[in-house]
Structure formats: C-alpha cells, structure tokens
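Student: I'd like to ask some things about the structure below.
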C-alpha cells in the first residue's frame, strides 16, 4: 500500500478531533472501498465517521481491521517520514516505510478497544453550507471568552452564530436553504470536534438536538456528530 504521507496524516488528524474529544482508540478498517473509521470521543459527546477512498492511495490493499490505541502518536510517527510512504501489515504489526527509514507499530486486538461502529439514525430540520475558514473565524471570536457557549440559530435564508460571555459576538451568514426557527447550543466540545475540518462544510441541525458537520472531497468523506449542551447564559 502506498500513499502520500500528508494525505493520510490529514485524514487521521480530522477523525481524531481535538481537546477533550480527541480519540486515541479506534479501529482503522481497510476494506474494499478504502479506509473507514467509526468512533466515539472518550466522553461520548462527539462521534466521527470517516472514509478515505481507495482513490486517495497510489496503491491500495485490503488489510481488514487494524486496532489502534495511540492515534495521536501514530500521526506523529507518520510526520517523521518524507512525502511517499509504504504500509504493510503482517500479524500484529504495521510497518511504515519511507526513503531510508522504517518503523514497526504494534497493533491492538480489536476486542480490547471500546470503540463502537455504525452511524446513528438522526433526522434534521435544516441544512446549510459554509466555508471552514468562516467557521474557524467564528471559533476565534468565541475563544475571546472563557467557558463561553456557541449558539447556532436559523432565520429565513440566514444563520446566526452567537456566543455567550463578556464579548458577545454575532456572526450572520446567508443560507438560502434555511427556513428559520432552529436553535441549538454547544459548549467548547463543538470546537474541539470540528476544528480540523476544512473546505466547504455541510451542517445538519435541529433544535436542542445533535448537529452533524460533514466535509466531502473527491477522495474522502468525514462526518462528525456533536451533542448539544443545555447550558446557555
């Protein structure tokens, strides 16, 4: 199996999430359609479903399921290599090779991991799209405050992003698909969960209900579901 290091590293960074939602235990499923991951964050406040298609690989091989219990360190290991890497699986070892360098990584038996599989069946009232650059700008506004909450509220043909705290920002965005009347509140876990996504993001929302954020490219699809909070100042 061959792939550009940065492609695999970027995918793993996104499905790992950040902060208190960061995943270290997961099963990497190298199946017929490519690499798939389904995992809950440790506090079970966010869930990620990721698919890196076979087209993202220069050469692809079905390894089956691979148990990982130090995902953040795996990403650091990948970063020690140059542009193109080769990955092989033998028994309970994954071997990553680059130009003049290799590393053996010990895998974990699937039954020792606490991860779940499958996507929850959720229904939403509103969907809209926004650029990740705009979302990250909103996150920087929110982080001007300590322990602030983020409020997503829809109105006819627009979405409002508001935050609590001393510095109460309001960001307004045009969204022709929205009919209005939806409101959902999040803590910092929302930022931790989706901050690594990029490009154009698709939001699916419903009042006082988990929100799904999806990043879709030619080579990958990543969906993150985040639970709302009941706290709003």
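Each value in this text was obtained by applying a stated rule to the coordinates, not by laboratory testing. The structure displayed is predicted, hence computed values, not measured ones. Using ideal geometry, Cβ is built from the backbone for each residue, glycine included, and neighbour counts are taken over all protein chains shown.
Student: As I understand it, the value is the acute angle between the Cα axis of helix 132-142 and the longest principal axis of the Cα atoms of the chain; what does it come to in degrees, rounded to 10?
Tutor: 60
Student: Could you work out the relative contact order of the stretch 126-226, using alpha carbon pairs under 8 angstrom and six or more residues apart, expressed as a whole percent?
Tutor: Numbers: 212 pairs, mean separation 28.0, N = 101.
Value for the stretch 126-226: 28 percent.
Student: How high is the FRET efficiency from residue 209 to residue 102, r the C-beta distance, R0 41 Å, rounded to 0.05?
Tutor: Efficiency for this residue pair is about 0.30.
Student: Would you kindly state how much longer the chain becomes between residue 2 and residue 216 on full extension, computed as 0.36 nm times their sequence separation minus their alpha carbon distance, in nm to one decimal?
Tutor: Contour length minus the Cα-Cα distance gives 74.8 nm.
Student: Continuing with the same structure: GNM on the chain, C-alpha springs below 10 Å: top fluctuator among 145, 13, 196?
Tutor: 145
Student: Still on this structure, please answer the following. Please check: in the Gaussian network model of the chain (C-alpha springs, under 10 Å), which one of 221, 15, 27 has the largest mean-square fluctuation.
Tutor: 221
Student: What Kirkwood Rh does the chain have if only Cα atoms enter the pairwise 1/r average? Answer in Å.
Tutor: 18.8
Student: Want the number for residue 170 to residue 143: 0.36 nm per residue separation, take away the alpha-carbon distance, what's left?
Tutor: 8.4 nm
Student: Sticking with this structure for a sec: Under the rule a/c < 1.5 gives rounded, and otherwise a/b versus b/c splits prolate from oblate, where does the stretch 112-233 land using the Cα gyration tensor?
Tutor: Rounded, because the longest to shortest axis ratio a/c is under 1.5.
Student: With label points built 7 Å along Cα→Cβ from the Cα atoms of residue 79 and residue 62, find their separation and express it in nm.
Tutor: 3.4
Student: Another question, if that's okay. Using only alpha carbon pairs under 8 Å that are at least six residues apart, calculate the relative contact order of the chain and give it in whole percent.
Tutor: 21
Student: Using a 10 angstrom cutoff on alpha carbons, build the Gaussian network for the chain and name the most mobile of 216, 88, 206.
Tutor: 88
Student: Sort 172, 90 by Cβ crowding within 10 Å, fewest neighbours at the top.
Tutor: Listing 172, 90 from fewest to most nearby Cβ atoms yields 90, 172.
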